[in-house]
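First comes the structure, then the notes that go with it.
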Amino acid sequence: MVGAGYVASRHLIALRDLPHVSVIGICDPDVARAVAMAGTFNIPNAVSGIDEFVKLKLDVIHILTPPASHCEQTLKALDMGCHVFVEKPMAESVEECDRMIARAQSVGKLLSVNHSMIFDPLFADAIARLKRGDCGEIVSLTYFRGSDYPAYAGGPPTAVHSQGSYPFRDLGVHALYLIEECLGPIDSMNVEHHSSGKDPMLTFDEWRLSARCGKATANVLLSWNMRPIRNEFWVHGTKGALHVDGFLNRCEFHATYPGPAQLQAAINGFRHAIRRVAGIPANVLSVVSGRSKPSAGIYYAVHAFYEALATKAPPPVAHDAARRAVDLVTRYSQSADEAKSALEHARKTAPVTAAEILVTGASGFLGSALLHRLRDSGEHPRVLLRRPASASSPAFGLNAVIGSLGEPDVVDRAIAGVRTVYHVGAAMKGGALEFQAGTVIGTQNVVDACIRHGVERLVYVSSCGIFDHAGRDQKVPVTENSAFEPRPDLRGVYSGAKLEAEKIVLDAARERGLKVVVIRPGQIFGPGTEGTTPNGVIRLGSNLVISGNGGRALPLVYVDDVVDALLSAATADAAVGHAINIIDPAKVDQNQFLAAARPFLGTAKIRRVPEWVLLAVGGMVDVLSKIAKRSLPLSRYRVRALRPLHPVDVSLAQRLLNWTPRVGANEGLARTFGSTRN
């Protein structure tokens, strides 16, 4: 196995069920990943590259690397005397396909490509029905496919985030070979790519394809934004229609009956509704019990390849079909690649004007408030933004460097020449990769660039979320020396990432001489956060669930008071090297906050649930989590961690920053919610 990513596990599951196959080696440039996969599947050899396989005397090699390396790796495998099964697409160009095909023919080895969808029993059954003529003469095919890529994790972007056409090369190839399998050769085609702007690193996350195959037409929607994510297609013909839902594992034929169109629709609707009542639960049970094969298309494609080897049959996917799919994909990918290159060039060569101050996260709630104050005082800071500022943003009109905090070169350009950096930016939602790139790697990039360019002061916004909530004594005031979160793996990625990022900053202060002040705000609120729930409250649909009776005091701080602390941290020499908590000591409990916010809560119902009940539910979820072997949103530990931080001791902020809340929590509530209440 060459490549130890997610898809490798699917190939290995398929191979595990072939008694005449022994997997004896796996390689990946990330050797740790190869070792981990080898441990899971009892593979004796885990190495860094295919060249180390020469001594193993292999019969077959699976190429599961990114498409850019398919040709090179396949040629090496063929030269080693091995048959090759390569992931889709076959290669990145027709020329590479031709080299691979010619080499396989010259050495007399089997070469096939994983066009997995046509081997999935569900889709294979649908294709067989179409070829049998169940739908009559086919008029049209419509295919919907959604996806969701892992977030950019920082550092040099992979092909997912550097190649404009990557989404089409990745999923478009499925659509193309499916169309040709169902309708025959594509005679003409048009492809459009669009950007929703939701993920600037992905760029083109919406694709539309229309094609003509003889008398039939095909339309394809590929989307990285549609929710829920879909994988289905419809085929309409002169005798009936076929609907395939890849997630529900359903293939439904809509027949033609005598009578009006409405009656025919009703008959088909009732017929499929009855079958779904039993069929969908049965499919779910089959998946949960393990009877259904994960990624069934890959499973049966692998088996078809080994059957062809055993019977000396031609490759399951003909070379011409694999080559043609690559030809179509590459032909219609060029414009997206050129557009992405132009955007990247413009982004990375945009002029950067002189500035004394840089603000990261300038489009966020706190960053915007800080910008307002800086601009009101006559400053013209530089800003680092993920996307250009809108006309309503306080960042509009300022010199902006566009990019991700995870990109070292972008951060370096943003920091070059400034004296003070307010590092406010961080990931606020998403999974582990989003927080790794936006918070941890982003902070490391900021620290490195500050040291490289001799920045005089870094003001870093951390969070009081790094403290231990679940295990602390609730009668003891929270101070800067309170215990940190001992189990970020159980608490959630936000607190873990913030804890790691703060350590990077303070280590740089101690070991590398960086002048740093760390500000740890409590729960920041103000106009613009009216829909935010307070600490210790969970939003479940239209319900706001409070752990307890709602009488727990909140660690609130009004946004303008946090800005006061940030500005003071930029000039207070006594604060350098310190981490300082910024929480309003005034007592405002959950009930008071929700009462003030009531006009903004709409139809939401407030439910006060005893903590012991939530702990019992969390315990049951813990059991389900172990069975499912995955983390679930609720647990006993997370219920305990719902206890807000209060009381607080802010004497260090008073002493080092001369800070006390100028607005305060109670006045802040009036400013945030008062106008609507009045």
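The values are calculated or read from the model by the stated rules, or taken from the named source; none is laboratory data. These figures come from a predicted structure and were not determined experimentally. FYI the Cβ positions are ideal-geometry reconstructions off the backbone, even for glycines, and counts take in every protein chain you see.
Laid out as a table, the results:
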item	result
Residue in region 527-547 that is out of contact with any strand residue (DSSP E or B) (no Cβ under 7 Å at 6 or more places or on another chain), part of a helix (DSSP H, G or I) and within 16 Å of S463 (Cβ to Cβ) present	no
Failed item, numbered, when L343 is tested on (1) surrounded by 15 or more Cβ atoms within 10 Å (Cβ to Cβ); (2) over 22 Å from D199 (Cβ atoms)	(2)
Any chance A91 is of a type in the set (A, V, I, L, M), under 30 Å from the mean Cα position of the chain (by Cα) and surrounded by fewer than 15 Cβ atoms within 10 Å (Cβ to Cβ)	no
All positions within region 488-547 that are surrounded by fewer than 19 Cβ atoms within 10 Å (Cβ to Cβ), closer than 28 Å to A586 by Cα and of a type in the set (K, R)	R539
Top-ranked residue of region 486-526 - restricted to ones that are among the basic types (K, R) and part of a loop (DSSP other than H, G, I, E, B), ranked as modelled with the highest pLDDT	K515
Residue list for region 399-423, restricted to those being closer than 14 Å to H380 by Cβ, part of a strand (DSSP E or B) and of a type in the set (V, I, T)	T420
Test for V84: is it surrounded by 22 or more Cβ atoms within 10 Å (Cβ to Cβ), touching a helix residue (DSSP H, G or I) at 6+ places or on another chain (Cβ under 7 Å) and not assigned by TED's automatic domain parsing to the domain that holds H174	yes
Of residues in region 70-121 being free of Cβ contacts under 8 Å to residues at least 12 places away in the same chain and not polar (S, T, N, Q), the one farthest from E307 (Cα to Cα)	E95
Qualifying residue in region 44-61 (condition: out of contact with any Leu (no Cβ under 7 Å at 6 or more places or on another chain), within 23 Å of V326 (Cα to Cα), crowded, with 23+ Cβ neighbours inside 10 Å and outside the structural domain of Y166 (by TED's automatic domain parsing))	yes
Qualifying residue in region 470-485 (condition: in a loop (DSSP other than H, G, I, E, B), under 26 Å from the mean Cα position of the chain (by Cα) and not hydroxyl-bearing (S, T, Y))	yes
The one condition in (1) modelled with pLDDT under 95; (2) surrounded by 13 or more Cβ atoms within 10 Å (Cβ to Cβ); (3) over 32 Å from the mean Cα position of the chain (by Cα); (4) within 30 Å of V424 (Cα to Cα) that L567 fails to fulfil	(1)
Residue list for region 189-227, restricted to those being farther than 21 Å from G438 by Cβ, touching a Lys or Arg at 6+ places or on another chain (Cβ under 8 Å) and surrounded by fewer than 16 Cβ atoms within 10 Å (Cβ to Cβ)	E192, H194
Residue match in region 317-336 (condition: among the small types (G, A, S) and free of Cβ contacts under 8 Å to residues at least 24 places away in the same chain)	yes
Every pair of residues 6+ apart whose Cβ atoms lie under 7 Å, when the first sits in region 602-618 and is surrounded by 11 or more Cβ atoms within 10 Å (Cβ to Cβ) while the second is charged (D, E, K, R)	L615/R636; G618/R636; G618/R638
Which numbered condition W234 misses (of (1) in contact with a His (Cβ under 8 Å, 6 or more places away or on another chain); (2) under 15 Å from P167 (Cα atoms); (3) part of a strand (DSSP E or B))	(2)
Hey, S404 over 27 Å from A641 (Cβ atoms), crowded, with 20+ Cβ neighbours inside 10 Å and touching a Phe, Trp or Tyr at 6+ places or on another chain (Cβ under 9 Å) or not	yes
Leading residue by the ranking (nearest to the chain's Cα centre (by Cα)) among those in region 207-246 that are basic (K, R) and under 23 Å from Q334 (Cα atoms)	R208
Boolean, A449 is surrounded by 21 or more Cβ atoms within 10 Å (Cβ to Cβ), part of a helix (DSSP H, G or I) and touching a Pro at 6+ places or on another chain (Cβ under 9 Å)	yes
Qualifying positions in region 21-58 - free of Cβ contacts under 8 Å to residues at least 60 places away in the same chain, assigned to a loop (DSSP other than H, G, I, E, B) and over 23 Å from the mean Cα position of the chain (by Cα)	S22, V23, I24, G25, N42, I43, P44, N45, S48, G49, K57, L58
Any hit, region 62-74, residues being more than 23 Å from H115 (Cα to Cα), of a type outside the set (A, V, I, L, M, F, W, C) and not in a helix (DSSP H, G or I)	no
Subset of region 351-376 that is assigned to a loop (DSSP other than H, G, I, E, B) and out of contact with any strand residue (DSSP E or B) (no Cβ under 7 Å at 6 or more places or on another chain) - its residue that is surrounded by the fewest Cβ atoms within 10 Å (Cβ to Cβ)	P351
Selection within region 1-50 - hydrophobic (A, V, I, L, M, F, W, C) and under 19 Å from P67 (Cβ atoms)	M1, V2, A4, V7, A8, C27, I50
Check on D148, among the charged types (D, E, K, R), assigned to a loop (DSSP other than H, G, I, E, B) and assigned by TED's automatic domain parsing to the domain that holds P200	yes
